[in-house]
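Computed from the coordinates by the stated procedures, all read-outs in this text should not be read as laboratory data. Note that this is a predicted model, so its numbers are computed, not measured. Positions of Cβ are backbone-derived with ideal geometry, glycine not excepted, and every protein chain shown enters the neighbour counts.
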Amino acid sequence: MNGISSGFGAWNPIAWALLFIGILVVGFVVRSFGKKDYKRGTGQTKVFLSGNEEPEASAALHVRGRHLYWGMVEGLSGYYRRVQALHTGILSDYAAWFVGVLAVVFVILVLVR
Amino acid sequence: MNIGNLPFVVAALLVAFGIYTFLYKRNLIKLVIGVSLVETGVNLFLVALGYRTAGIAPIYTFAPAAKQMVLPTPQALTLTSIVIGLATTALLLSFAVFIHRHYGTLDVRKVKELRG
Amino acid sequence: MTALTQHAPVLLIAIPLLGAFGVPLIGKLGRGARNTFVGLIALLTAAFAGLLAASVFGAAGAPSLYVLGGNGFGVPLPSGMSIPIRIILETDGMSAFMALITALITLTGAFFSFSYWKDRSGGTLYYSLLMLLTAGIFGMELTGDMFNFFVFLEVTSIAACGLIGFRVWLKTSQEAGFKVMALYTLSGLFVLLAVGLLYGQYGGLNIAYLASALTGSTIDVVALGLLLAGLALKAGAVPLHMWAPDAYGEAPAPMSAVLVANSQASLYGLFRILFTLFGLTISVAALGWILIVLALLTIFVGVTMALIQNDIKRLIAYGAVSQIGYMLLGVGVGLAVSVAKPDYGFVAMQGGIFHMFNDAACIGLLFLASGVIVRATGTRDLNQMGGLAHSMKWTSVLFLIGAFALAGVPPFNGFASKFLIYEASFKLSPFLAVVAVLSSILLLAVFVKVFQAAFLGARRDGLPAEVPIGMMVPMVALALVVIVFGLFPGFFVDKIVTPAANALWYGRDAYIGLVLGGG
């Protein structure tokens with residue numbers, strides 16, 4: 001109806017939205033088959049962590065932004081060490097990159113013609 | 001006397017000196033001087049584009065007849081460029097003053113709190 | 001109405017200039033008068049941009065000409081030949097598209113500033129610089145003359161750096177202002193050198209005239225290299241991007257979005273030069289692949305550097321840098337195959353150009369939301385925020401919409417343009433599509449990090465209140481644009497993106513013929 005199409009694929013967001021709503025409705029219907037007679041606030045609704053005590057949610061438990069992707073940054077630490085070292089913050093280095101890219105572009109363009 | 005390509009060579013040298021100054025000097029004011037050198041080189045290049053050998057100034061009033069005039073358009077371009085250069089140099093220098101006030105130094109290798 | 005439409009290109013430049021020089025005068029009358037004046041100017045500018053777009057897209061993207069200061073632009077020489085010598089504003093589909101983007105971003109930026117800058121001093125100069133920047137960006141997008149392009153490029157550089165270093169009491173903003181001004185000036189000087197080279201070789205400054213006169217000589221190649229490097233620096237392509245996090249991070253929040261529009265205008269200038277000025281006189285395959293390599297570097301380095309930032313505005317700035325890479329990728333794929341012109345090349349152009357609009361809307365929304373967060377919590381450090389979603393519900397929803405849209409999650413508009421880029425670049429080389437898709441996923445990870453750090457978390461004492469209505473309305477407007485463009489992409493791609501892509505892909509002869517064919 002109003003979708004866009006590349007040469008070999010199509011995307012119709014209205015159809016996607018209808019499908020998404022349909023799936024939500026199916027999920028809601030399945031949820032309504034559940035038990036309704038449970039007691040809130042007792043052990044029936046508490047999270048179960050292998051029987052361990054779960055601490056109360058507080059600001060001290062909040063995972064800070066720095067630590068959220070620790071594993072991924074550690075895994076790519078070789079890349080990050082080199083690339084972050086290149087971002088020196090010194091203005092002369094920025095201009096050196098500019099002159100360098102200019103030189104490379106000239107070399108490529110002169111080689112090609 | 002035919003000056004040949006001398007203005008263009010000088011303009012290229014000025015641009016080269018300006019880039020060298022910008023890359024290798026430490027003081028922020030020297031970096032601004034480097035930018036100013038590049039700008040002077042480009043302005044000289046623009047004016048030299050319009051020069052015709054033994055040409056006179058491009059003014060019609062009281063112009064001697066049958067004489068070739070230099071091109072006026074590059075002169076207009078250069079004037080515009082000089083004015084733009086004035087504004088950029090003024091802004092750069094005022095930023096340098098504020099940097100000195102905040103950081104206490106004008107060394108470009110020490111003014112790197114924004115990095116990474 | 002037709003007289004207004006006819007004069008719309010020059011009014012788009014003149015009205016913000018009038019605003020820039022009138023704001024200090026009207027500011028003497030008080031804050032209310034000044035804000036009303038600025039709002040009026042912003043609304044008038046947006047209205048004229050809409051008029052211009054309606055007239056250009058209504059004519060299926062045919063270029064239209066506006067001569068400054070005369071009826072015709074040619075001066076007939078005694079030999080009978082006519083050289084175009086006046087400054088012209090030539091508007092085709094791509095220019096009108098960019099004008100729409102600029103109008104949206106400056107309108108929302110100005111209205112957000114009314115509330116954001118309410119209880120601070122210096123507002124008059126702030127709005128004056130904003131109007132000057134707007135005038136410069138419109139000038140860059142509508143002009144048909146190379147030196148005029150350089151002049152407006154420098155106007156935007158000066159106004160942008162004035163806005164970056166505006167808060168002179170902040171230490172890092174002065175450093176950012178100096179660095180950005182020095183780099184902008186250097187790149188502008190190289191652009192001027194290239195314009196001088198072309199003028200000296202061919203004797204004209206008009207883009208259409210130069211396009212018809214260009215051969216592929218060494219001088220042209222040198223000028224092309226200078227223009228490519230200079231404009232790529234202003235657009236923020238890696239490895240020339242290092243000023244961008246400083247600039248977008250230190251400017252006041254609504255101005256960061258306008259600075260992104262400034263970078264997109266330089267990107268437009270690069271595309272105009274590559275497609276219309278040089279066309280097929282140079283080796284488009286080599287140039288296209290240079291753009292593609294720059295694009296891949298930009299996409300990957302931008303998003304990976306964003307992952308490790310601790311400062312919220314710098315993080316979103318790296319995200320903005322990364323998205324510029326998508327635009328370069330789409331148009332680079334189109335340029336690389338523009339000799340044979342297969343179908344997927346046009347689809348890639350559509351994707352890249354559509355992404356310029358989508359990115360402007362999403363990044364605008366994200367920068368405005370980050371301004372709200374910084375104002376509310378008083379800090380820019382992600383490690384010290386938390387739990388904002390308990391009290392700032394609207395802001396968290398709007399931030400989520402912007403983040404999902406930028407990362408290319410359906411059904412928002414980012415997915416529509418990225419879908420086109422993925423599919424078309426896959427046809428050229430599968431590696432391009434792999435890098436693009438992976439980086440989109442990484443960008444989603446980056447915004448999950450921001451959302452978790454700032455909004456999620458337990459309720460604590462002293463949570464800030466929800467933002468006032470003045471800051472909410474521009475954000476809601478941008479979010480509506482994001483949602484509408486996401487739900488109806490076909491309509492917008494047909495009506496505004498395809499004429500813009502046509503203007504670059506097929507429109508070189510029409511562009512030249514409008515100036516040289518007539519007189």
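Applying a threshold of 30 Å to the alpha-carbon distances of C:K427/C:K495; B:K30/C:K234; C:K313/C:K393; C:K313/C:K341; C:K118/C:K171 flags C:K313/C:K341 as lying beyond it.
Need the list of aspartates and glutamates near C:K449 for cross-linking: C-alpha distance under 15 angstrom, and skip anything on the same chain fewer than eight residues off. Filter leaves C:D311, C:D381. When the convex hull of its Cα atoms is viewed from all sides, region C:1-280 shows a mean projected area of 15.8 nm². Per residue of peptide C:417-426, the mean number of Cβ atoms on other chains within 10 Å of the residue Cβ is 3.
Helix C:146-164 and the longest principal axis of the Cα set of chain C meet at an angle near 10°.
Between C:D119 and C:Q384, the simple spin-label model (points 7 angstrom out along Cα→Cβ) gives 2.0 nm.
Taking the centroid of alpha carbons for each part, region C:368-388 and region A:26-61 are 31 Å apart.
Between A:Q84 and C:L68, the modelled labels are 4.7 nm apart [label points 7 Å from Cα along Cα→Cβ]. Applying both filters, DSSP loop and at most 16 other Cβ atoms within 10 Å, to the trypsin sites (Lys or Arg not before Pro) of region C:324-419 eliminates every site. The lysines whose alpha-carbon is closer than 19 Å to the alpha-carbon of A:K46, local same-chain residues fewer than 8 away aside, are A:K35, A:K36. Classify region C:269-342 as rounded, prolate or oblate, taking a ≥ b ≥ c as the square roots of the eigenvalues of its Cα gyration tensor: rounded when a/c is under 1.5, otherwise prolate if a/b is larger than b/c and oblate if not. Prolate is the answer for region C:269-342, as a/c is 1.5 or above and a/b outweighs b/c. Taking chymotrypsin sites (Phe, Trp or Tyr not before Pro) as exposed when their DSSP state is a loop state and no more than 15 other Cβ atoms lie within 10 Å, the longest site-free interval of chain C runs over C:170-505. Fewest-first ordering of C:K449, A:K39, B:K30 by other beta carbons within 10 Å of each residue's beta carbon gives A:K39, B:K30, C:K449.
With R₀ set to 35 Å, the beta-carbon distance separating B:I3 from C:L280 gives a calculated FRET efficiency near 0.35.
First check a/c for the protein assembly as shown, with a ≥ b ≥ c the square roots of the eigenvalues of its C-alpha gyration tensor; if it is under 1.5, answer rounded, and if not, answer prolate when a/b is larger than b/c or oblate otherwise. Here the protein assembly as shown falls in the prolate category.
With everything on Cα atoms, drop me the angle between helix A:77-86 and the longest principal axis of chain A, reported from 0 to 90° to the nearest 10. Tilt of helix A:77-86: around 50 degrees. With the simple model of a label 7 Å out from the Cα in the direction of the Cβ, C:T218 to B:Y51 spans 2.1 nm.
Kirkwood radius, chain C, all distinct C-alpha pairs, inverse of mean reciprocal distance: 22.9 Å. Cβ-Cβ distance of A:L19 and C:F21, R₀ of 41 Å, FRET efficiency by 1/(1 + (r/R0)^6): the value works out to about 0.15.
Given axes a ≥ b ≥ c from the Cα gyration tensor, I'd like to know whether region A:69-113 is rounded (a/c under 1.5), prolate (a/b larger than b/c) or oblate. The shape class here is oblate. For region A:34-48, backbone phi angles converted through the Karplus equation (6.51, -1.76, 1.60; θ = phi - 60°) give residue-by-residue couplings of x, 6, 10, 9, 10, 9, 6, x, 9, x, 6, 10, 7, 6, 9 Hz, Gly and Pro being listed as x.
Treating only the Cα positions of region C:390-447 as identical point scatterers, give the base-10 log of I(q)/I(0) from the Debye formula at each q in 0.26 Å⁻¹. Results for region C:390-447 at q = 0.26 Å⁻¹ read -0.99.
Within the same chain, aspartates and glutamates fewer than 8 places from C:K28 are excluded, and of the rest, those with a Cα less than 20 Å from its Cα are C:D119.
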